1. Going by the rotation axis that takes chain B to chain A, pick out the residue of B with the closest C-beta and quote the gap in whole Å.
2. Limiting things to C-alpha atoms, what are the Rg and the maximum Cα-Cα separation (Dmax) for segment A:62-294, in angstroms?
3. Collect residues whose amide H, placed 1.01 Å from N in the peptide plane, falls under 5 Å from the amide H of B:E142; neighbours closer than 5 in sequence don't count.
4. Which is the longest stretch in chain A that no exposed loop site breaks, taking sites as GluC sites (Glu not before Pro) with a DSSP loop state and at most 13 other Cβ atoms within 10 Å?
5. Step through the residues of segment A:79-87 one at a time and calculate ³J(HN,Hα) from phi using the Karplus curve (6.51 cos²θ - 1.76 cosθ + 1.60, θ = phi - 60°), rounding each to whole Hz and writing x for Gly and Pro.
6. If you place +1 on the Cβ of every Lys and Arg, -1 on the Cβ of every Asp and Glu, and leave all else neutral, what size is the dipole of segment A:56-149 about its Cα centre, to the nearest 20 Debye?
7. Taking Cβ-Cβ under 4.7 Å as the only way to count a partner, pick out the unpartnered cysteines of chain B.
8. Let me spell out the model: positive unit charges on the Cβ of Lys and Arg, negative unit charges on the Cβ of Asp and Glu, origin at the Cα centre of the protein assembly as shown. What dipole size does that give, in debye rounded to 20?
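All of the numbers you see were taken from the coordinates with simple rules; none came from a lab. Everything numeric in this text was worked out from a predicted model, so none of it was measured. When we count neighbours, we look across all protein chains shown, and the Cβ atoms used for this are built from the backbone with ideal geometry, even at glycine.
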Number of protein chains: 2
Amino acid sequence: MSTAWTSRYAQRTKNVKSSAIRELLKLTQQPEVISFAGGLPAPDVFPIQRFQDACAKVLSMRGKEALQYGASEGYQPLREMIARHTSRYGIKAGPENVLITSGSQQALDLIGKLLINPGDRVLVEAPTYLGALQAFNVYGAEYVSVPSDDDGIQTEHLEGPLRSGPKFMYILPNFQNPGGTTLCEGRREELVLLADRFGIPIVEDDPYGQLRYEGEHLTPLVVLDRVNLRRDNGYSIGNVIYLSTFSKTLAPGLRLGWIVAPADVISKMVQLKQGGDLHTSTFTQMVAYEVAHDNFMDEHIKMIRRVYGERRDAMLAALEEYFPPEVSWTRPAGGLFLWVTLPEGMDCQKVFEAAIKQNVAFVPGDSFYANNGAESRRHFRLNFSYVPPEQIREGVRRLALAVKNQLEGILPTVRQR
Amino acid sequence: MSTAWTSRYAQRTKNVKSSAIRELLKLTQQPEVISFAGGLPAPDVFPIQRFQDACAKVLSMRGKEALQYGASEGYQPLREMIARHTSRYGIKAGPENVLITSGSQQALDLIGKLLINPGDRVLVEAPTYLGALQAFNVYGAEYVSVPSDDDGIQTEHLEGPLRSGPKFMYILPNFQNPGGTTLCEGRREELVLLADRFGIPIVEDDPYGQLRYEGEHLTPLVVLDRVNLRRDNGYSIGNVIYLSTFSKTLAPGLRLGWIVAPADVISKMVQLKQGGDLHTSTFTQMVAYEVAHDNFMDEHIKMIRRVYGERRDAMLAALEEYFPPEVSWTRPAGGLFLWVTLPEGMDCQKVFEAAIKQNVAFVPGDSFYANNGAESRRHFRLNFSYVPPEQIREGVRRLALAVKNQLEGILPTVRQR
């Protein structure tokens with residue numbers, strides 16, 4: 001039943017499409033489907049026993065506090081722990097620089113609320129995280145897309161777009177979603193210099209930074225920024241809003257993320273969070289603190305790296321074995337995703353339909369483009385964190401059948417070139 | 001430190017003031033202060049042992065599900081339970097009519113996101129819940145205020161404001177925050193008829209409805225609406241969006257609220273929730289379900305009614321005993337608050353300052369008016385759920401000193417009349 005007023009009053013949703021990923025996830029929840037579609041952590045890595053102990057401790061020792069209203073800023077010991085942890089990478093952040101959010105997705109929403117007025121432009125990578133587009137669309141964002149390659153966003157193409165005056169740049173520097181690519185060191189430095197020169201802030205979204213399976217950790221933009229700006233007090237964060245989350249390292253079911261930013265930005269965000277959901281669950285914050293403290297995370301993340309690194313290797317090996325030579329893919333040094341590129345003329349949607357018939361799923365690439373043209377239909381995203389190695393191999397085998405099947409349709413064209 | 005861009009990009013926060021209540025709460029957290037300021041449940045009523053058992057059960061039996069991503073709509077068994085519970089009051093709602101939110105505050109935010117474009121008017125009671133004003137302000141809402149008395153919003157004054165074309169009416173029919181008043185039966189019927197006649201939806205915010213200490217439960221607007229509209233299928237909800245929460249009956253630290261609305265409204269809200277925080281914590285939803293099912297809530301709410309009813313009585317008795325005859329107050333049949341009216345010429349802010357010196361706190365009334373004039377400074381809100389009865393008596397005694405002290409300054413004026 002549709003009521004008269006709901007259609008009349010629905011203008012605000014005009015920019016809002018249901019997330020392709022989430023709708024697909026419903027389609028692919030049958031047990032016979034091998035799904036590379038979601039961005040789900042492997043449930044086997046959840047430290048359930050430690051959660052048991054943490055819940056028991058929090059409720060028995062501080063139950064009245066855990067179940068009561070809390071501060072919009074977040075649970076103070078958790079803010080302090082995150083500030084300490086962030087400082088390890090060279091950011092001198094205090095708890096006043098940290099806001100706890102209901103997952104990173106809420107951080108993106110608060111950024112949209114604070115910064116985007118209808119018609120404002122946001123500079124994004126092409127491709128970029130579709131959840132960010134979803135969050136920003138509601139506030140009437142428009143986009144200027146800058147292409148990326150295996151070394152991340154192509155900073156040599158940034159000046160023109162920056163001259164067009166975007167409100168901010170939205171960048172995923174580590175093991176990007178969906179690309180799986182990492183912004184190289186030289187481009188990081190160029191990016192923060194450009195941000196400073198044009199006075200355009202950077203939103204640095206870093207959910208996967210700790211999940212590196214090879215090579216060295218690269219300096220976050222927020223750290224380079226501080227160094228380059230050489231602010232008087234030397235302890236402040238300047239031009240970068242940094243986001244991260246417990247979703248990929250602890251458990252997404254908690255809905256716990258955080259923003260690290262200059263204290264005056266945090267204080268505005270706190271006001272918006274008050275109006276948005278008052279505060280994030282006191283209980284989950286206290287439990288997460290109890291689980292994460294005592295350096296538990298260091299060992300835990302090592303374990304996750306081992307498990308996901310194996311799965312990445314399994315997927316890369318299977319792609320090498322089963323996929324036709326016309327198809328290429330990225331080789332991520334970390335994170336959860338890799339990005340497949342089909343030959344010109346192929347359409348990821350058709351491959352998707354063929355794949356579903358083979359009981360294997362992925363996310364078609366066009367969802368990840370702010371301004372999508374024909375190019376966007378040549379890609380798709382594969383997740384390698386959720387499915388165990390032996391199923392990864394079987395899934396890629398099935399997927400290769402779907403790809404080859406579609407490839408045959410356009411093969412004369414491809415082979416001609 | 002203020003960065004150049006944060007001041008440049010902050011226009012969106014122009015309507016956003018930090019909640020007076022939350023700032024005051026910080027001021028009044030010293031142990032020597034008796035605080036009637038917050039809207040906090042008594043921590044003694046939290047069923048901590050049952051939470052212990054629920055956490056242990058959820059984690060041991062379904063830990064992998066509890067810690068994983070979930071559906072934006074909410075945990076299905078919880079939606080079904082809420083639909084069943086809602087149906088007890090005569091609303092034939094199914095789970096497709098229920099969206100789980102991160103507290104009722106997020107429900108208000110989603111309503112603002114869906115319905116309010118800058119400059120749109122919202123019809124509110126005077127006074128009204130300040131958290132709703134905070135949520136709607138961000139979207140550029142303007143307000144048309146309709147006065148209320150002991151029987152709730154004065155429906156005889158509604159036609160003019162409705163002709164001015166507000167987007168929706170925001171109404172708290174039961175034990176209103178801050179007034180403590182309840183919308184009487186006749187006005188409920190008039191309200192839904194007017195809503196139908198003008199095609200203006202009602203947002204019915206009902207966090208306290210179950211906390212009634214005397215008299216009979218009154219029919220919710222959402223039920224009257226269904227009956228009056230006599231829709232063909234007879235099972236749908238029409239003109240009313242109904243909100244409630246576990247915050248006052250189970251624990252606010254969970255951040256669990258819900259929206260009951262027509263399925264097409266819910267489906268739009270789900271899209272907005274996806275972009276806003278993806279979904280509410282799977283873990284807290286499963287724990288709340290485990291705590292609340294098996295009709296535990298019925299007995300639990302009976303206990304809360306007994307405890308809070310006693311505290312209300314203690315506050316009413318103390319006000320009678322200590323307060324001067326020039327001051328009046330409401331006598332709520334339920335909920336957490338009562339509303340004090342000072343004689344003309346008195347200023348609640350000055351009383352507040354005097355009260356703080358006596359180590360007792362409340363929320364000045366002007367925060368609760370969308371359009372506040374001199375009238376708004378003659379009131380303040382007292383909470384009676386948080387402080388135990390013996391402290392209520394002592395707090396009211398101190399408060400009376402502050403009131404009398406300020407009253408003396410204007411006494412000649414008052415006594416003259």
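1. Output: B:C55, 2.
2. When restricted to Cα atoms, segment A:62-294 yields Rg and Dmax of 17.0, 55 Å.
3. When sequence neighbours closer than 5 places are left aside, the close amide H contacts are B:G119, B:D120, B:R121, B:V122.
4. Details: sites that count: A:E32, A:E214, A:E216, A:E344.
Looking at chain A, A:33-213 is the longest stretch - no exposed GluC sites (Glu not before Pro) with at most 13 other Cβ atoms within 10 Å.
5. Karplus values, whole Hz, x for Gly and Pro: 4, 5, 5, 5, 4, 4, 4, 4, 5.
6. I would put it at about 540 debye.
7. B:C184, B:C348
8. Computed charge dipole of the protein assembly as shown: roughly 200 debye.
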